[in-house]
Every structure is written in C-alpha cells, then in structure tokens.
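Participant: One structure, as structure tokens, below. Some questions next.
Rule-based calculations on the coordinates, nothing more; no lab input. Source: prediction; values computed, not measured. Reconstructed Cβ throughout: ideal geometry from the backbone, glycine too, with neighbour counts over all protein chains shown.
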Amino acid sequence: MTTMEQLNALPVPTWNHLGVNAAPASAALPPVPDGGWGETNTKYDPLPAGAACRPTIPRACVNLVSGLGEQADRAIRTQANFARFFAAEGKLEAPILLRETLDARGPNAVTHTALHAKAGSDVTFVQLAQGAGTSAALTQIAAERDAHVKLVQVQLLTPASRRWNGVAIRCATGARVEVVRIELGAGIVVAGARAALASRGGEFDLDAVYYGGGDAVLDFNDVSVHTARDTTSELHTAGVLADRAQKVLRGTIDFRRGAVRGVGHESEDVLLFSPAVRNRTTPLILCTEEQVEGQHAATIGRLDEGMLYYLASRGLDPEEAKRLMVDARFAPAIDKLPDDALQAAVRAEIGRRLDHHA
Amino acid sequence: MAEVKKTQVEPIDRSMYDFRYEVNAAFQVDSGLTPEIVETISEEKHDPDWMRAFRLKALDVYNRTALPSWGPPLDGLNMANIVTYVRPNTEMQAKWADVPDDIKNTFERLGIPQAERASLAGVGAQYDSEVVYHNVRKEVQEQGVVYTDLESALHSDHAERIREHFMHLVPPSDHKFAALHGAVWSGGSYVYVPAGVSVEIPLQSYFRLNAPGAGQFEHTLIIVEEGAYLHFIEGCSAPKYNVANLHAGCVEIYVGKNARVRYSTIENWSKNMYNLNTKRALVAEGGTIEWVSGSFGSHTSYLYPMSVLRGAGARMEFTGITFAGAGQELDTGAQVIHAAPRTSSHIVTKSIARDGGVSNFRSAVVVTKDAKDAKSSVSCESLMLDDRSRSDTIPVMDIACDQVDVGHEAKIGRISEEAVFYLMSRGLSEADARALIVGGFAEPIAKELPLEYAVEMNNLIHLEMQGTIG
C-alpha cells in the first residue's frame, strides 16, 4: 500500500502542533511487500437463511467512504486478498460471521467486505480478527429502508501486529446501523467509521472500546454526517491506556443544512494507568442547521479514588475494584456482543491485560 | 422535536462605533512590508538598537512562515495593501484637553473620558499607530504602579525589564502574524505592578483604528509581581471601510507568585477588520489569570488567549462570548498548558451565530507529564439562530499525565420553543421572549464583565433580537 498523506483526517483541521489533524506517519498503511500480500486465512461461517454472498462488490457500495479516508479505502479495495459482498433479506436468525486468523501461512489479511441490508432486514455481521500479522479491513454497509444492521468487530491481535479498520455506512430512510468496535490488541491500531445519514430517520450508533498498552499507537476517526431530517447518532467510546501507549480519538458530529431535528451525542471515557501514556481527544460538533441538538462530553483521568475507597470498604481488594470499574466502562459495548462465548473471550482478554498492568 | 418557524433578526446597530474623521496623519509609511518600511518605523520610534535588530529578524521570520493551514480564510487580506504605521498628528498627552479635537471627539463619543472619571484608575488611548493619551491616578502611581505607553517605557528605567520580557512569551516564530507584529509593532501599554500592591480599580486601554487600509499592531506588556492584583480592560473599535483593515496586536502577561490578573476585552472592530491577535499569560506558583472576553466585531477573527501554568497551584479561568452576524467569521476560544502540579483551568464559553455568520469555538487543553493532580474543565455552548449560519466546536485535549482530572462538555442547539411558549403565556411578545432567552444564555458571561460593558452587551443582544419573527 502507499503511504497516506491524509489518513484519519480531522474533518476541520486545527493547530498542527497538537498532531491531531491526521494519523501520524508511523501509523501509515504499509507498502505492499515484495511478492504481494499473499494468501489469507480469512473465512466466513456457513451463512444463515436470508444471507447470500458473492465475490464481486457492486459500485454503489464501493463509493461509500470510511473514516480512514478515500485514499486508504482505495488502497485496501485495490489490494484486498479477500473480498466478499454479503446481502441480507428479512430477519436473520444468526449472525454472518467472518474470521480473520493471521498465522505463519497467512500473516496478512487485506479484507474488503460490503453488506447490503435490504429493506426491512435485520442482520448482525460479526468480524473477528485474531493471531499475529497485519490486518487491513474495509467494511462498507448500505442499509436500505427500515433495515437494522449490527456490525460487531472484535480485534484480539498480538501486540506486535498492525491493524487498520475502516467502516463506511449509508443509512436509507428509517435505517439503523449499530457498530460495536472492540480493539484490544495490536501495536498499531488505526480505525475510522463514517456514517452518511442522508435519508430521513437514519440512525448510527457506535459503541467502541480500546485497550492500549506497551508502545501502542492508537488512532481513531469516527464521523457522523447528518444531512437529512430526524437523523440520530450516538458515538460512545471507552478506553484504557497503559505503559507508553499513545492514542488520538477524533469524533465528529456534522449537522449539515437540512438535518432538521437532528440529534447527535458523543462521549469518551479514558482511564490512564501510567504516567508515560499520552491521550489526545478531539470531539467536534460542526453545525449549519438551526434545529438540532448536539452534545459531547469527555472524561479523562485515573480511577476515581473515592470510588476505589468505597469499593474497598465493601470488601473488594484494589485489583478487584479496578477490574469492576473497567468492566463498568466497557460493559455497554461488550454486552452488545451477540454471543456469550464471545463476550467471555473479550472479558478474559481484558482481564489478562489488567493482570499484566496490576 | 417539533419543527419551528424561522427567526429573522436585523443586523446589529453599530452606529455608536461606525463614525470616522478625515485621516490627518503626521506621517505614514507606504503600504506593504519591506525591510525599508520596518527600518523607517524603527527610526520614527527611536528604537534602541536591540529593538531595531529584533524587528528585522522578525520580518525575516514573517517572510519564511506560511499562513495558517487551519481556521477561517484570509483571502481578503493582502499585506501589499496594508499601511503598517500611521502616526496621528499629535504627541502623547496627559490631559484630554490637550488632545486634538477630532481625536478627542472620537474617544468622547466612545465614552472613554467619562469612564475614566467614573470608574478607572488609569486610561491609555491609542489612535491608529500611536498612543495619544495616557494618564494614571496619582494614588495608584504612588503605590509604585507604572502604566504608560510601551515606547516611553523603553527609554525609562524599566528598559532592561522590558528587554527581558518583550516577545519572550509570544516569540515571532509562534506564527506568521506574531512575526508580523514583531516587525512592525507600535503603541500599546506597559504595566508594572510591584509585589504586594493591589490595584483596586481597573486600568483601561482603548484602541481606535481610524485610517482605512491600515493595520494596528499595539503591544501590551503587563508584569504583576508576587502577591499583587490588577484588573486590566481592553476595548477596541473602528469605523467600517470597504477595504480590509488588520489588527495584529500582542498581549503578554507575566503573573507572579500568588498574584492575580484579570484581563477583560470587549472587541468591537468593524466588519472589514481582520483581527489576528495573540494573547498569552505566564502564571507562576499560586498565581491566577482570569480572561473575560467578548467578541462582537471584525470580519474575521483568530483569537485564543493562551495561559501557561508554570508554577505549582497556578490557576486559569476563561469566560468568553462570541456573537457572529452577517459577513463575520469569528474563530475564538482559549488555550491552556498545565506544566506544573496542582494547576487548574476552567473554560466557559457561549457563542451565538445568526444571519449567515460563522461562530467557531476552538480550544486546546495540554497537560504535560509534570502536571500531577491537574484539573481542567471546559464547557462551551452554542446557539444557532437560523439555518444560514454556522457554528463549529473544535476542542482538543492533549494529556500526558495519568494523575489528572479533565472534563469537557459542549452543547449546540436552538432556542427552546417550550420556553418561548411559556414566556408568551406569561404575557411577553414572541420577540421579547426570544430576546429574554438569548439574554439569559449570555448572562453567565455578562456578569463577569465590567458593569458598563455588561449593560452594553445586553443592549446589543436586545437590538439583535428586535427583528421580524415569522
């Protein structure tokens, strides 16, 4: 892949010295290795009734832009070693499950998937990334009238791995797309979701969780663009930073003219577990429409000592109390995972990370 | 949420500020920016050698520095057309009676002499590039307080102190317009408050730009020593011309240990003005800087006072309101750097956009690794009065210390129809109900302003809201 000039670009730039206008050079998409990306061990489970799959992705989906930006999207699309188009009709009784397993035989997954949720459909699309290597994924979702899509992304890669994750969404009238994004591993994590709410009543909800340790570089860029009436977005992120991890979160709610009665809320809650971490948070609200309600909030700091003291007085030791308070922050996302085993796996991974930083 | 009728508001009445006198300059440089112009300014001002060298170095930095890659467009500003120095036809006076009639009338219409008599400890008045009046009450002088124009101070026994502080907080390398300021600065005030002295009533500087196509580059340097207190008020206005004017002033404030400074600004430049001003405070241990800022005028503003909290326990408070109307793009906010333990900052802003205006809030809260137990809170609220206007909120929090408590909240919205309905049910007209609500929105800021400015701001808001409701 080519080096990105504007990866995860902030929709409206600010002071350059703060380093938030785009992802840093160290997080750029890597060049194509000699001999290409090779084979990948990316597979999907047998599809539930109502779902179909084919290898060619229609142009209508291809044109949707993710939070990573057009240049990164194009690089992933054109270099993908796994590309599939999924279509969903009616209410699917089970999720579509895609597994990226990075191993010695297939350490690089460049994955381009698109999901067409037909009118009135109800579909859950689970993407699981595990192993060691490089994962670059672009997911494009077109949700038709009154469709409901839940996209669940769980990333449990090793610390030496690298991860790029772009999500592009278009909501038709009354459509709702929920994204649950859990990024717990990898040394470089670059993720960006962008929703185009261009039809009446469209809704985009994002519940994101991250855990950065070691020398991890995490860079997020989530954007909700409201151009139609009665559109809604809820962008909520919770994270932990430990060791020397660095993170930038850009969250943008963009109310454009015509987004009458638009509502957008965003929040971030960051726990800092080390004096050597660096956290940057940039929550934007852009507004050219009068009749909207937009709100953002951010809380950054260590665990509340008063709460820790209270929990200790109830008999919890400090580590148990810490675990409880992290779980409380992550629960809104984890509880949305559609499978108990997956929830348990995620909680176990978070437990391991907390043990490491005890 | 029910769909509402649109509110139309009339443009602001600026007749109080929009009057002009024929330019009667004693001297002015050619438009544009060259080493010869900078040397001429330096010569006119009888600069010491170090200042002349400083100006030329700053010009070099200016020529090598790009325009900002963010913020409102600056396309209408062409430095080749800006006259950087206009000396009015008078020396600085200590009595209003000695100020030439046209200049005196200007400040009288703006209410400055009356305010001095009523409620100020000292006044400085700048007309175009030079200070034309400066006076401070005898009892304040007797406390050791120095309040004078910067040029006079450069040739006084404070010269060395000025050299040690001038553009150390805002170096010319900071950005292009700081470099421009370093090259062509003229006028402004120097304030020195000795340790332990509390200046109980405020000092005020008022800046008036009368010449079309001119720039104003005043420098305000304030040094408040340990345990001292000062309230400084800055006001500025200009008549409207159909050519661009430029204001690239600079304010540097040094707040000593356990000292407190309140800096209040009411900016009411005309709508042809590019207001690219830089303000910065360095706060020592236990010191406090309080900024109160009202931005109403200008065509384009970049204005984000910065506080560097360098000493343990230093505090910063910023309270600001921005009101943008037709043809205005006001990009305002605040910056704070927590560089020591137990520092705290509190930023509260309100912004209103109407009639196609653009009102942006931009902020940066930076907490360094040394700032253990720092606390910061930011709250910004924006009110959109129509769908032709724009309001963006662009905050950044950059935190490099784990033992901190940083909070941020922002809201954007419109006038509550339920509140309008309630007030109308109590007998108010719709226009009065809306004006009352906007006034209430701005109230937390107004109460921080000096009384006469708070009254003026409320009047401005009421004027704004007297438009057609339909």
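Participant: What ranking do A:Asp243, A:Asp219 get, fewest neighbouring Cβ atoms within 10 angstrom at the top?
Facilitator: With the sparsest Cβ surroundings first, the list reads A:Asp243, A:Asp219.
Participant: Note down the relative contact order for chain A as a percent, whole number, built from C-alpha pairs under 8 angstrom at least six residues apart. Could the numbers behind the result be given before it?
Facilitator: Details: 1016 pairs, mean separation 39.5, N = 358.
It comes to 11 percent, rounded to a whole number.
Participant: Zone of A:Asp215 (label point 7 Å along Cα→Cβ, backbone N under 20 Å): which residues in the stretch A:127-143?
Facilitator: Under cut-off, by backbone N: A:132-135.
Participant: Considering all projection directions equally, how large on average is the shadow of the alpha-carbon convex hull of chain B, in square nanometres? Before the final figure, lay out each step's value.
Facilitator: Numbers: hull surface 88.5 nm².
So the Cα hull casts an average projection of 22.1 nm².
Participant: Per-residue counts of other Cβ atoms within 10 Å, averaged by peptide: what ranking do you get for B:30-36, B:161-167, highest first?
Facilitator: B:161-167, B:30-36
Participant: Pairs A:Lys247/B:Lys57; B:Lys257/B:Lys369; B:Lys279/B:Lys350; A:Lys91/A:Lys322: which are spaced more than 31 Å apart, C-alpha to C-alpha? Before the final figure, lay out each step's value.
Facilitator: Details: A:Lys247/B:Lys57 38 Å; B:Lys257/B:Lys369 22 Å; B:Lys279/B:Lys350 19 Å; A:Lys91/A:Lys322 40 Å.
Long pairs (Cα-Cα over 31 Å): A:Lys247/B:Lys57; A:Lys91/A:Lys322.
Participant: Taking only C-alpha pairs under 8 Å that are 6+ residues apart, what is the relative contact order of the stretch B:25-415 in percent?
Facilitator: On the way: 1116 pairs, mean separation 40.6, N = 391.
Relative contact order for the stretch B:25-415 comes out at 10 percent.
Participant: Based on the Cβ-Cβ distance of A:Glu39 and A:Ala119, what FRET efficiency does E = 1/(1 + (r/R0)^6) give at R0 = 35 Å, to the nearest 0.05?
Facilitator: The formula returns an efficiency of 0.40 here.
Participant: If you take the beta carbon distance between B:Ala419 and A:Ser274 as r and set R0 to 41 Å, what does 1/(1 + (r/R0)^6) give as a FRET efficiency, to the nearest 0.05?
Facilitator: Numbers: r = 47 Å, r/R0 = 1.14.
Approximately 0.30, to the nearest 0.05.
Participant: Go ahead and estimate [θ] at 222 nm for chain B from helices alone: -39,500 (n - 2.57) per DSSP H run with n ≥ 4, summed, over the residue count, rounded to 500. Write out the running numbers ahead of the final one.
Facilitator: Numbers: 11 runs with 108 residues, N = 470.
It lands at -6500 deg cm²/dmol.
Participant: Each label point is 7 Å from the Cα along the Cα-to-Cβ direction; what then is the distance between the points at A:Thr56 and B:His168, in nm?
Facilitator: Taking the simple label geometry, A:Thr56 and B:His168 are separated by 7.2 nm.
Participant: Moving on to the next point. If you take each beta carbon of peptide A:243-254 and count the beta carbons of other chains within 10 angstrom, what is the mean?
Facilitator: 1
Participant: Just checking the output field for A:292-304: average partner chain Cβ neighbours within 10 Å of each residue's Cβ?
Facilitator: The shielding value for this peptide is 6.
Participant: Along the Cα→Cβ direction, 7 angstrom out, place labels at B:Val455 and B:Asn81. What is the inter-label distance in nm?
Facilitator: 3.9 nm
Participant: Once you order the gyration tensor axes a ≥ b ≥ c over the Cα atoms, which shape class does chain A get: rounded for a/c under 1.5, otherwise prolate or oblate by comparing a/b with b/c? Don't jump to the answer; show the numbers that get you there.
Facilitator: Values: a/c = 1.36, a/b = 1.16, b/c = 1.17.
Judged from the Cα gyration tensor, chain A comes out rounded (a/c under 1.5).
Participant: Between B:Lys95 and B:Val243, how high is the FRET efficiency from 1/(1 + (r/R0)^6) when r is the Cβ-Cβ distance and R₀ = 30 Å? Nearest 0.05.
Facilitator: For B:Lys95 and B:Val243, the calculated efficiency is 0.30.
Participant: Give me, ordered by chain and number, the residues 5 or more places off A:Val223 or on other chains with an amide H under 5 Å from its own placed amide H.
Facilitator: When sequence neighbours closer than 5 places are left aside, the close amide H contacts are A:Ala193, A:Arg194, A:Ala195, A:Thr252.
Participant: What percentages make up the Cα-Cα pair-distance distribution of the stretch A:97-151 when the bins are 10 Å wide from 0?
Facilitator: For the stretch A:97-151, the binned pair fractions read 23, 42, 24, 11, 0 percent.
Participant: Something else now. For the stretch B:229-293, would you read off the P(r) tail past 15 Å as a percentage of all alpha carbon pairs?
Facilitator: Pairs farther apart than 15 Å: 56 percent.
Participant: Something else now. Within 10 Å of each residue's Cβ, count the other Cβ atoms and sort B:Trp70, B:Trp291 from fewest upward. Mind dumping the intermediate values first?
Facilitator: Details: B:Trp70 15, B:Trp291 24.
In increasing order of surrounding Cβ atoms, one gets B:Trp70, B:Trp291.
Participant: Hey, any idea what Rg/Rh is for the stretch B:123-247, computing Rh the Kirkwood way over Cα pairs?
Facilitator: 0.99
Participant: Can you put B:Glu267, B:Glu417 in order of Cβ neighbours within 10 angstrom, beginning with the fewest?
Facilitator: With the sparsest Cβ surroundings first, the list reads B:Glu417, B:Glu267.
Participant: A follow-up question, please. Tell me, what is the percent relative contact order of the stretch A:35-86, built from C-alpha pairs under 8 Å that lie six or more residues apart? Could you put the intermediate results ahead of the total?
Facilitator: Working: 27 pairs, mean separation 31.3, N = 52.
Computed over the stretch A:35-86, the figure is 60 percent.
Participant: Here's something else I'd like to know. Going toward the positive end of the dipole of the stretch B:25-415, with +1 on Lys and Arg Cβ and -1 on Asp and Glu Cβ, which of B:Ala195, B:Tyr127, B:Ser301 do you reach last?
Facilitator: So the residue furthest toward the plus end is B:Ser301.
Participant: While we're looking at this one, here's another question. Determine the calculated [θ] at 222 nm for chain A from helices alone, applying -39500 (n - 2.57) to every DSSP H run no shorter than 4 residues and normalising by the residue count; nearest 500 deg cm²/dmol.
Facilitator: Helices in chain A give a 222 nm mean residue ellipticity of -5000 deg cm²/dmol.
Participant: On to the next question. Quick one: what do you get for the protein assembly as shown if you divide its Cα Rg by 2.2 N^0.38 Å?
Facilitator: 1.03
Participant: Another question about this same structure. In debye to the nearest 20, how big a dipole does the stretch B:25-415 give about its Cα centre with +1 on each Lys and Arg Cβ and -1 on each Asp and Glu Cβ?
Facilitator: 820 debye
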